[in-house]
Amino acid sequence: MASVREMVDNYISEKAKIGKDVKIWHFAYVGDDSQIGDNVKIGSLSHVDYDVRVGENTMIEGLVYIPPLSRIGKNVFVGPGAVLTNDPYPPSGKLIGVTINDNVIIGSRAVIKAGIRIGKNSVVAMGAVVTKDVPPDTVVIGSPAKPMYSRQEYDKKQLDWKNSI
């Protein structure tokens, strides 16, 4: 039986391309042919599967699953425990990734169906279940996720919250 010291901390494929100043925390996985941009953080126990693209300045928190063929833009935040899926009718064997455009926020424990596109500057609320594409600059909430308000309104709520502390 292997001792704790002999266990593997991370698995980062030799075929993955990792940018500058990337931080990959404990027990994370990065698969073959994935490309991770500069200044990206991948949290503990996260799984970034094969042929994934992650843009610069993106934060992927702990316990996140990013399936094969997914595309994540720049300046994206993916909250803890979020799950992207890659087979809309499992187990079909026909895989398609999720596309998350630049400046998107994905809340903790959100679930995003295979093939979905999240528009630039959008927000997916914590716990949301996204089964339809999200337009740019839109905040979606619920299960199934529905548009609730604009990114501009979200940013105002965030600023009000910061100023109340």
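Tabulated data for the structure shown
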| read-out | value |
| --- | --- |
| Gaussian network model of the chain, springs between alpha carbon atoms under 10 Å - residue of V22, V48, V140 with greatest fluctuation | V22 |
| Cβ crowding within 10 Å averaged over residues, with 29-35, 39-45 ranked highest first | 39-45, 29-35 |
| 28 Å Cα-Cα threshold exceeded, pairs from K20/K132; K74/K162; K120/K157; K20/K146; K41/K120 | K20/K132; K20/K146 |
| Rounded tilt (10° steps) of 151-164 against the dominant C-alpha axis of the chain | 80 |
| Restricting region 11-113 to GluC sites (Glu not before Pro) in coil, as DSSP defines it, with at most 16 other Cβ within 10 Å | E14 |
| Length-normalised contact order for the chain - Cα pairs under 8 Å, 6+ apart - percent | 11 |
| Extension gain (nm, one decimal) between D32 and W161, 0.36 nm per residue minus Cα-Cα | 42.4 nm |
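Bear in mind that the values in this text are calculations on the coordinates, not laboratory data. What you see is a predicted model, and the numbers here were worked out from it, not measured in a lab. No Cβ is skipped: glycine too gets one built from the backbone with ideal geometry, and neighbour counts run over all protein chains shown.
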